[in-house]
Structures are given as C-alpha cells and as structure tokens.
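Participant: My structure is below; once you've seen it, I'll send some questions.
The values are calculated or read from the model by the stated rules, or taken from the named source; none is laboratory data. Model, not experiment: these values are computed from the prediction. Reconstructed Cβ throughout: ideal geometry from the backbone, glycine too, with neighbour counts over all protein chains shown.
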Amino acid sequence: MLREWSILAACALFVEPLAVRAVEFKDQITGDATAGWEIRNGPADSWSVKDGVLHCHGAERWGGWLGTVRNYTDFVIELEYKLGPGGNSGVFLRTPKEGHPSAVSFEIQILDNTAEKHKSLKPAQYCGSIYKIVAADKDATKPVGEWNRMRIMADADHIVVWLNGERVVDATGKSAPEILNRSREGAIGLQNHRSEVSFRNIRIADLAEDRARRTRWWQEARFGMFIHWGPVSLKGTEIGWSRAGERRGTGGGKGTIPVEVYDNLYREFNPTEFNAKEWVQIAKDAGMKYMVFTTKHHDGFCEFDSKLTDYKITNSPFKRDVVAELSAACHEAGMPIGFYYSPPDWHHPHYRTENHNRYVEYMHGQIRELLSNYGKIAILWFDGLGGTSTDWNSTTLFEEVFRLQPDIIVNNRAGLAADHDTPEQQVGKFQNNRLWESCITIGRQWAWKPDDEMKSLKDCIQTLVRCAGGDGNLLFNVGPMPTGEIEPRQVERLREMGQWLGKHGESIYGTRGGPFMPGAWGGSTRKGNRIYLHVFNWPAEGDTITLPPIRKKLTGTAVLTGGTAEVKQNDEGLTITVSASDRREIDTIIAIDLDGPAGDIPPLATGLGSLAAHKKANASNVFQKHWLLGPEQAFDDNESTRWATDAGTKQAWLEVDLGKPTTIGRAVINEAFNRVRAFELQYEDGEQWRTFASGTTIGENKPITFDPVTVRRVRLNITQAVDGPTIWEFQLFAPSK
C-alpha cells in the first residue's frame, strides 16, 4: 500500500531548483577586466569592460567571439545579458579554435524573439535553444532592454539551459543525437553577432574539477563490495527477474515465481542471523574499500523504513531497518557506504502507466529519504534499465541529490552520464578519460542461489587486475542467504582475495591503468615512477613477452611475486623474461622502475600477433543478439570481452575472415566456463568446410598446433557443449619456426 499524503509532502522540495550543486563558482569579470578571456576572430575594439559590465559593441559583419583562454569539458556558466531591439548573440560551449563555433560545438542562442526580422526563424533558432539542435520549449525572455538571467550546464552529453529561472532545454545525446557529434572539449565563448549586447555577473563552475575531487578516493580504492539481497533469497532465484508479473518498460518476459507468491515472500522473511558489522568486516577482510547495498530492486521491495510504502523490511517478521544498521556499521568502521536504487519498480501501481508522474514523485521522495536519514552516503547507484532522464525527471532529481549529499558519486544509469560508466558482468575496455566500474558476480546469479557455480580464486584476482589495468574499478557482488549471513564459500573466496591483496595490493590500490593496455598476456598498472606488469599468460613457446617501447629509461626491476626477471629495453620495445619456475599461476607481477613519472607515458596497445585480431567475424548464434557479446569480441585482442551464445545452445560456430590467403600453423583458444566437449577447426574450401584440427575440451588458453595450411576463412565449429559456449579470444598464428 502506498501513502499518497507522504509522497506529496516529500516532493514539495522538488520544485524548481535554484542551484545546480555545491560547486565553486569563479567570477569572470573583476572591475574593468575579464580574467582569462581573449578575442577570437574579431576586431580588438569590439569588446570593453566598465564597472563590472562587459559590452559587445557589435560589428558591420561577423565579429568573431570572446572566449576563455583555457578549455572546459563539463561546467556550469551563469550570466546576465541585456539586448537592444533586434539583438542577436550567443554563448558558445566547448568550442575549438578551428571551425565555426555553432557548427563544430554548441551555441546557446541569445535573441530578441520579438523582433520582426526574427519572426520566420526555425524553432531551434530562438532564445535559449541549442542553436539548430534543440529548441527551447518556451519563451522565457524578458522585454528588450531588461537584464535576463541565463544558466547553462554542460555535463558529458547532458545540456540544460535555464532562462530567468525556467528550464527551457534539457537534452542528452539520447534525445538529441547530434549532441554526440559535437566537440567534447573547448573554450566557453560569447558571440559578437553584429549586435550590441551587455553581460554581467559571469561565473563559471568547473564540474570536471569537482568530479575529480569527489571521486579521487573512489578511483584509488579500486575494489568494492556489491550486495543483492531480499526476501527472494528464500527461493534462491534471481532478485526481481524471477517475479512472474508484468515487466513494464522492458518489452516483455516473465519470471517463474507467481506474483502473489513473490510479492508476499517478505511476510516470511526473518533473517535473524543478519549482522551488519560482520558484513563490513568480511568486506574489509577481502581488501574491499567501499560497499554498495540494494535498497530497492526492480521488484519494489524496500530494505529501509520508507514512510512512502508498506512494502518494506520493517513490515516483515524481521522488523528491523537493514539500511540503517548497515549504514551505521559502515560509518563506525570508516567504510564508505553506497546505495543501489532501482528506478524501475514492477510492484508500484503507477510505474509506466498514465500516472507515471505519480511514481516519479514517489521515487524522488524515497531518494530524499535515503540521502537524509542515514548519514553520509558515498555512492548512489541507479539501475534504470535503459530509461531516459525524462523517465525519471533526472535533472531535477540530481539537483536534490547533490544538495543533500554534495560529495556523493553517481553512476550512469538514470538517463544521465553522471560520474562513471558501469559495464555489467564483463571487464570494461581500457578507458582513462572517463571513470568506469565493472559490476560482476562472484557466482552466476546476483541474489543468493544454492550451490551456485562460484568463480575460482584465479578468476577473481584476474578480474580485479584486468579492471585496474583498464583504469577501472571492480564492484564484486555477493548474495547473502535468507538467514542474513553471507555464504561461507563466498566468505572464504573473499578472504583469499584479501590475502592476495595483503601481499600485492600496492600494484592495485592508488594506481592508474596502463601504460600497456590489457591483452591476452595480462595488463599493467602504474603509480609514481613505477609500472606494475601483471602477466597471466606466457607464450606457448619461450619464456619471454615483448611490449612496445616507452620513452622513459628503466632504473630497476623486481618480481614482486618471487623470483627474478630479465628485462631488456631498446628502441624496439621491452622484453621480459621469467623462468617457468618463477611464474605464478594466478599472476606474475614484475615491477619496473623508471627515471620519470609512468603517468606521462601514453597508452600503448599490446597485441600478441594474432593474425585474426580485429578481422571481420561471424557466428551462428549470439546471446540475446547483444552486440557486446558478438563474434568480433573474440577477435579484438582483449580477453576481457567475449563471444557468447544463448543458454541451452549445444552446437555453434565462430568464424573469422583473414582478408586474404594466410598461412597458419598454431591457434590459441580461451574459453569461459569450460562448456565445450568436442570441437573442430575448419577452413573454407570452395563451398565446403574442411577440418584440419579437432579436440574435446578447450578451457583456458588452449594451444593447438597443426600442419601449416594457407586459408582465408577459418571456423571454430563446436559440435558438442553442455550449455551455451562462450569464447574470450580465438587467436591464429603463423607456423612456429
């Protein structure tokens, strides 16, 4: 049951926001001078400053623009402007020095909308619009000759314009794809469009600097605990998705547990062994530096004492507020706590109906409860299932989020890019220009499942290392049992990870990914003047791997996992040799010290010479036709991506076109989950496929040697599998010399 009076009261605070967020604004006009601005492509005498007012005197023809000396990516600019009759100007965003600003970047139009000469303009050419991209949805201008207040926020692909206190544009790359084609970084500018215009009270807040400040601790932490838990643990099925009811907003599909059963599981839920301090200690023992807990999943059940619904933990036999106890335990232990919250809610009667706005009010009210009642909250982790910012009124929501918790970190699943990306159930690709965090389960299911297939210690450690090496974080999920305890098997695995990190954490915590980009061989991290090489796989023949050259001199090396290494440097690259006795099954870590900061070295690709790398690929089946799991993922020289097939698939083929006849004599196949029981390697011969090698199981990094063949198209034909085959990487090589 929902409590309508509470919803309305809670949402009274979500009326038009007056401040973007608690960030530092810097004034751009001091007395009779502009600080850090320069004239671009226009006459020097067309701009002047007097008594804190910037005047544009116009020009007989295109008069260029006044721009900031420095570039910006994400920012808020506030200003006031005043036009004369027929006036025309604009604010340029992220404008490079080359190209017309309104064509290569963004112009927020400033215009006398009432002028007769402007009557026939197109909608996206009037005041407040993103010029020729998104039209302002209302005319909020004041009469000519009066001062107008304008505020513009540019945050990744999200652009919002307020005019005289009214939001007139709220657009993203999803709602306006042209935004994605424009410049991502550049100067902020004021246009001289042959009109007299005055500006004052110009202030800029750098959101990129604020994001770096807020997220620094998180990026250094690298490793966090994700927890999915609820009454569904009584059934051992997946949280939310096993509910058989309608999944509004997903396009269909139903779970296995009848709605009347699923929605009443909370009446039996009494996890008397729940101990928040034990959970926190397990996370600390694992070497995890923060925790994120599911306060409400897609099934709508609340693990906190919300005043806006009766469908909550405090109405179960347990009666205790889990979020309150876990938050308190985290605060006491100095463990940052974050909240997962699902905007989709298949239990709520108004969600994705004609009364959806009432659900949005409910959602906003619950977010306010979570960020007001449980102390400092470090992370807000949305899971919007592809919903847009309009679906959740996210612009308004984020205003309130940052008002209540100015230092919070927010992910990208509420229709806005926000602070970081969230690859799911796979390691993200190397990305050092935007934060990311892979969320991955310790088993096969997010919620607890009896006898779930759990990842090996090797898989766990290498997953963490691949994340750090790609310059991302790992949010590693556990699913507590119905008793409230984390399953002993999971606890043991987590503590094994903690023991490994106790020895080798210096190569993970506080590092950045690179400079050598991840590959089949492993990955690298860096900190100060040191590079940490994490080698998982050595060549099938020999003890040496070769990496690209770097513009720093080596000053020392050490094998942190024990033993010795021979590292040679020349103009061709680095060669690293470690004897078989000194290699470790999970990870061989070689520290390389340099004569300068490792962070100065640009990212370097590290392919291992596969002739099939980045070639055109095809497959008989792709898991749910998902592009992230397509055949090309098995030929991208990146073992953190994979080709996957639908559940229940017992036969499948994976094919690559080498582009021209090529002689091969070796292959290496890296399979996930060990499902293949019989396979053939084949090449195309006219209209037939001829087998040149075969085997039974594949597993991790299986080397296959065969008589040399000259081929163009090669196929891995899986003739028998226990379930849908999945291949991390399929590599082909020239014959051994």
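Participant: Which fully enclosed strands (runs of 3 or more DSSP E) of the range 508-548 have 2 or more residues being in contact with a Gly (Cβ under 8 Å, 6 or more places away or on another chain) and of a type outside the set (S, T, N, Q)?
Facilitator: Ranges flagged: 522-527, 530-535.
Participant: For VAL656, state whether it is farther than 22 Å from LYS458 by Cβ and of a type in the set (Val, Ile, Thr).
Facilitator: Numbers: farther than 22 Å from LYS458 by Cβ: yes; of a type in the set (Val, Ile, Thr): yes.
Considered against the rule, which asks whether it is farther than 22 Å from LYS458 by Cβ and of a type in the set (Val, Ile, Thr), VAL656 comes out as yes.
Participant: Among the listed residues GLU246, GLU273, GLU260, identify the single one that is over 28 Å from the mean Cα position of the chain (by Cα) and modelled with pLDDT under 95.
Facilitator: When all the criteria are applied, what remains is GLU246.
Participant: Another question about this same structure. When you scan the range 241-292, how many residues do you find that are closer than 21 Å to LEU370 by Cα and either out of contact with any helix residue (DSSP H, G or I) (no Cβ under 6 Å at 6 or more places or on another chain) or not assigned by TED's automatic domain parsing to the domain that holds MET497 (or both)?
Facilitator: 4
Participant: Sticking with this structure for a sec: Collect the residues in the range 417-455 that are part of a loop (DSSP other than H, G, I, E, B) and among the polar types (S, T, N, Q), keeping them in residue-number order.
Facilitator: Of everything in the range 417-455, those that are part of a loop (DSSP other than H, G, I, E, B) and among the polar types (S, T, N, Q) turn out to be THR422, GLN425, GLN426, GLN431, ASN432, ASN433, GLN445.
Participant: Ok, one more. Inside the range 594-690, counting only strands (runs of 3 or more DSSP E) that do not spill past its ends, which hold 3 or more residues that are touching an Asp or Glu at 6+ places or on another chain (Cβ under 6 Å)?
Facilitator: In the range 594-690, 616-619 are the strands (runs of 3 or more DSSP E) which contain 3 or more residues that are touching an Asp or Glu at 6+ places or on another chain (Cβ under 6 Å).
Participant: Kindly evaluate TRP229 against the criterion of being surrounded by 16 or more Cβ atoms within 10 Å (Cβ to Cβ), of a type in the set (Phe, Trp, Tyr) and not in a loop (DSSP other than H, G, I, E, B).
Facilitator: no
Participant: Could you run through the range 366-395 and say how many residues are among the aliphatic types (A, V, I, L, M) and surrounded by fewer than 20 Cβ atoms within 10 Å (Cβ to Cβ)?
Facilitator: 1
Participant: Still on this model: Could you list, ordered by first residue, the pairs with Cβ atoms under 9 Å in which the first is in the range 582-611 and assigned by TED's automatic domain parsing to the domain that holds THR564 and the second is modelled with pLDDT under 95 and among the small types (Gly, Ala, Ser), at least 6 apart or interchain?
Facilitator: ASP587/GLY522; THR588/GLY522
Participant: Can you tell me which residue within the range 705-737, out of those that are touching a residue at least 12 places away in the same chain (Cβ under 8 Å) and outside any strand (DSSP E or B), is farthest from LYS616 (Cα to Cα)? So that I can check it myself, show each step before the final result.
Facilitator: Filtering the range 705-737 down to residues touching a residue at least 12 places away in the same chain (Cβ under 8 Å) leaves 705-736.
Filter once more, keeping what is outside any strand (DSSP E or B): 722-725, 734-736.
Details: VAL722: 28, ASP723: 26, GLY724: 22, PRO725: 20, ALA734: 18, PRO735: 22, SER736: 25 Å.
Only one residue tops the list, namely VAL722.
Participant: Got at least one residue in the range 516-527 being closer than 30 Å to PRO735 by Cα, without any contact (Cβ under 8 Å) to a residue 40 or more places away in the chain and among the hydroxyl-bearing types (Ser, Thr, Tyr)?
Facilitator: Within the range 516-527, none of the residues are closer than 30 Å to PRO735 by Cα, without any contact (Cβ under 8 Å) to a residue 40 or more places away in the chain and among the hydroxyl-bearing types (Ser, Thr, Tyr).
Participant: Against the condition farther than 30 Å from THR577 by Cβ and surrounded by fewer than 21 Cβ atoms within 10 Å (Cβ to Cβ), how does PRO539 come out, does it pass? First the steps, then the outcome.
Facilitator: Values: farther than 30 Å from THR577 by Cβ: no; surrounded by fewer than 21 Cβ atoms within 10 Å (Cβ to Cβ): yes.
No.
Participant: Taking the range 549-573 as the region of interest, how many residues are surrounded by 13 or more Cβ atoms within 10 Å (Cβ to Cβ), part of a strand (DSSP E or B) and either modelled with pLDDT under 95 or among the β-branched types (Val, Ile, Thr) (or both)?
Facilitator: 4
Participant: When the residues of the range 65-91 are filtered to those that are assigned to a strand (DSSP E or B) and within 28 Å of the chain's Cα centre (by Cα), which remaining residue is nearest to LYS142 (Cα to Cα)?
Facilitator: ILE77
Participant: If you don't mind, another one. List the pairs whose first member sits in the range 30-58 and is in contact (Cβ under 8 Å) with a residue 24 or more places away in the chain, whose second member is assigned to a helix (DSSP H, G or I) and surrounded by fewer than 16 Cβ atoms within 10 Å (Cβ to Cβ), and whose Cβ atoms are under 8 Å apart, counting only residues at least 6 apart or on separate chains?
Facilitator: HIS57/ASP45
Participant: Identify the residue in the range 720-737 that is small (Gly, Ala, Ser) and within 39 Å of the chain's Cα centre (by Cα) and, among all such residues, is surrounded by the most Cβ atoms within 10 Å (Cβ to Cβ).
Facilitator: ALA721
Participant: Do we find a residue being in contact (Cβ under 8 Å) with a residue 12 or more places away in the chain, within 21 Å of PHE223 (Cα to Cα) and in a loop (DSSP other than H, G, I, E, B) anywhere in the range 391-409?
Facilitator: Taking the range 391-409 and keeping what is in contact (Cβ under 8 Å) with a residue 12 or more places away in the chain, we get 391-409.
Remaining after also requiring within 21 Å of PHE223 (Cα to Cα): 407-409.
Restricting the remaining residues to those that are in a loop (DSSP other than H, G, I, E, B) gives 407-408.
Taking every residue of the range 391-409 in turn, at least one turns out to be in contact (Cβ under 8 Å) with a residue 12 or more places away in the chain, within 21 Å of PHE223 (Cα to Cα) and in a loop (DSSP other than H, G, I, E, B).
Participant: Could you run through the range 649-661 and say how many residues are without any contact (Cβ under 8 Å) to a residue 60 or more places away in the chain and either charged (D, E, K, R) or surrounded by 15 or more Cβ atoms within 10 Å (Cβ to Cβ) (or both)? First the steps, then the outcome.
Facilitator: Applying the first criterion (without any contact (Cβ under 8 Å) to a residue 60 or more places away in the chain) to the range 649-661 yields 657, 659-661.
Right, trim to either charged (D, E, K, R) or surrounded by 15 or more Cβ atoms within 10 Å (Cβ to Cβ) (or both) and you get 657, 660.
Result for the range 649-661: 2.
Residue by residue, here is whether (1) in the same structural domain as THR256 (by TED's automatic domain parsing); (2) under 30 Å from LYS289 (Cβ atoms); (3) without any contact (Cβ under 8 Å) to a residue 60 or more places away in the chain holds:
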position	(1), (2), (3)
GLY186	no, no, no
HIS193	no, no, no
ILE202	no, no, no
ARG214	no, yes, no
HIS228	yes, yes, no
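Participant: Ok, one more. Evaluate the range 574-584: report whether one residue or more is buried (at least 22 other Cβ atoms within 10 Å of the Cβ) and at positive phi.
Facilitator: The answer is no; no qualifying residue exists.
Participant: Yes or no: LEU629 over 26 Å from the mean Cα position of the chain (by Cα), buried (at least 20 other Cβ atoms within 10 Å of the Cβ) and not hydroxyl-bearing (Ser, Thr, Tyr)? Walk me through how you get there before you give the answer.
Facilitator: On the way: over 26 Å from the mean Cα position of the chain (by Cα): no; buried (at least 20 other Cβ atoms within 10 Å of the Cβ): yes; not hydroxyl-bearing (Ser, Thr, Tyr): yes.
The answer is no for LEU629.
Participant: Among the residues of the range 144-153, is any assigned to a strand (DSSP E or B), in contact with a Lys or Arg (Cβ under 8 Å, 6 or more places away or on another chain) and in contact (Cβ under 8 Å) with a residue 40 or more places away in the chain?
Facilitator: Within the range 144-153 (the criterion being assigned to a strand (DSSP E or B), in contact with a Lys or Arg (Cβ under 8 Å, 6 or more places away or on another chain) and in contact (Cβ under 8 Å) with a residue 40 or more places away in the chain), the answer is yes, since at least one residue qualifies.
Participant: Any residue at all in the range 709-719 that's out of contact with any Asp or Glu (no Cβ under 7 Å at 6 or more places or on another chain), within 19 Å of SER610 (Cα to Cα) and either at pLDDT below 95 or exposed (fewer than 13 other Cβ atoms within 10 Å of the Cβ) (or both)?
Facilitator: Yes; the residues of the range 709-719 include at least one that is out of contact with any Asp or Glu (no Cβ under 7 Å at 6 or more places or on another chain), within 19 Å of SER610 (Cα to Cα) and either at pLDDT below 95 or exposed (fewer than 13 other Cβ atoms within 10 Å of the Cβ) (or both).
Participant: It is to be established whether one or more residues within the range 456-471 are at pLDDT 95 or above, assigned to a loop (DSSP other than H, G, I, E, B) and surrounded by fewer than 21 Cβ atoms within 10 Å (Cβ to Cβ).
Facilitator: yes
Participant: Still on this model: Among the residues of the range 176-225, which ones are touching a Phe, Trp or Tyr at 6+ places or on another chain (Cβ under 8 Å), of a type in the set (D, E, K, R) and in a helix (DSSP H, G or I)?
Facilitator: The one that is touching a Phe, Trp or Tyr at 6+ places or on another chain (Cβ under 8 Å), of a type in the set (D, E, K, R) and in a helix (DSSP H, G or I): GLU220.
Participant: Within the range 100-108, is there a residue that is assigned to a loop (DSSP other than H, G, I, E, B) and either of a type in the set (Phe, Trp, Tyr) or surrounded by fewer than 24 Cβ atoms within 10 Å (Cβ to Cβ) (or both)? Let's see the steps before the verdict.
Facilitator: So in the range 100-108, the residues assigned to a loop (DSSP other than H, G, I, E, B) come out as 100, 105.
Next, only the ones that are either of a type in the set (Phe, Trp, Tyr) or surrounded by fewer than 24 Cβ atoms within 10 Å (Cβ to Cβ) (or both) stay: 100, 105.
Looking through the range 100-108, at least one residue is assigned to a loop (DSSP other than H, G, I, E, B) and either of a type in the set (Phe, Trp, Tyr) or surrounded by fewer than 24 Cβ atoms within 10 Å (Cβ to Cβ) (or both).
Condition check ((1) touching a Gly at 6+ places or on another chain (Cβ under 7 Å); (2) free of Cβ contacts under 8 Å to residues at least 60 places away in the same chain; (3) not hydroxyl-bearing (Ser, Thr, Tyr)) across all residues:
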| position | (1), (2), (3) |
| --- | --- |
| GLU424 | no, yes, yes |
| GLY428 | yes, no, yes |
| SER438 | yes, yes, no |
| TRP448 | yes, no, yes |
| ASP451 | no, yes, yes |
| LEU464 | no, no, yes |
| VAL478 | no, no, yes |
